Amino acid sequence: MRNLTILVAVVLLVLVFIALTGCSSKPVDELKMAGIAMEQARSKEAPEYAPYDWERARMNWEEANALIQMGRYGEARNMLTQAIGNFNTARDNANRRLESLKIEIAALQASVKKGLDTLEQAAESAKEKPSVKKKIDGALPLLREKVAVMNYALEEKEYLRARLAANETLRSINDLQKGLSTTQ
């Protein structure tokens with residue numbers, strides 16, 4: 001009877017151990033799907049435009065791979081499922097932010113163009129004082145250089161840099177216009 005009790009206890013311990021460690025197979029399909037989701041997020045520039053979501057997904061990915069190395073496939077499968085969701089969120093958020101950024105830059109470009117046109121017209125106007133004309137003529141090359149930086153950043157698809165250049169240009173134009181209105 002004592003031997004039977006020990007045998008039952010050993011069998012139960014083995015069953016509990018198997019249940020806890022999981023007898024799952026390596027999550028190959030989930031790894032593949034998570035890799036695809038990661039590449040889709042990267043292609044939408046998620047590391048730059050959705051860094052928080054990207055980092056969370058990347059951490060899920062790394063943790064899942066560590067769990068696989070330890071043979072804890074069931075836990076790894078769950079972590080990969082989270083990684084897939086987080087990579088998809090990063091992709092979608094990056095895409096939305098990028099589209100919003102492009103719209104914002106287009107509006108800034110229009111404002112910069114309008115401001116430059118106004119300054120150029122003021123410089124050409126015969127009614128302006130020579131000191132005002134001199135100020136405008138002195139500022140225009142620098143303003144055009146800033147516009148060139150903005151345009152180059154747009155060509156290179158560096159939208160955050162383009163927005164920064166557009167904002168700086170617009171601020172310089174506004175400062176110059178305020179300075180001119182006080183000297184007239």
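The values are calculated or read from the model by the stated rules, or taken from the named source; none is laboratory data. Keep in mind it's a predicted model, so treat the numbers as computed, not measured. Methodologically, a virtual Cβ is constructed for each residue, glycine included, from the backbone with ideal geometry; neighbour enumeration extends over all protein chains shown. All accessible areas refer to the heavy atoms of the entire protein, side chains included, with ligands and DNA or RNA removed. Shrake-Rupley method; radii C 1.70, N 1.55, O 1.52, S 1.80 Å.
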Scope the range 28-72; condition hydrophobic (A, V, I, L, M, F, W, C) and open to solvent by 20 Å² or more (accessible area, probe 1.4 Å); matching residues: Val28, Leu31, Met33, Ile36, Met38, Trp54, Met59, Trp61, Ala66, Met70
The one condition in (1) surrounded by fewer than 18 Cβ atoms within 10 Å (Cβ to Cβ); (2) among the small types (Gly, Ala, Ser); (3) under 26 Å from Glu48 (Cα atoms) that Ala153 fails to fulfil: (1)
So Lys129, is it closer than 15 Å to Lys178 by Cα, open to solvent by 40 Å² or more (accessible area, probe 1.4 Å) and over 31 Å from the mean Cα position of the chain (by Cα): no
Count of the range 57-101 residues which are of a type in the set (Lys, Arg), under 24 Å from Glu39 (Cβ atoms) and more than 13 Å from the chain's Cα centre (by Cα): 2
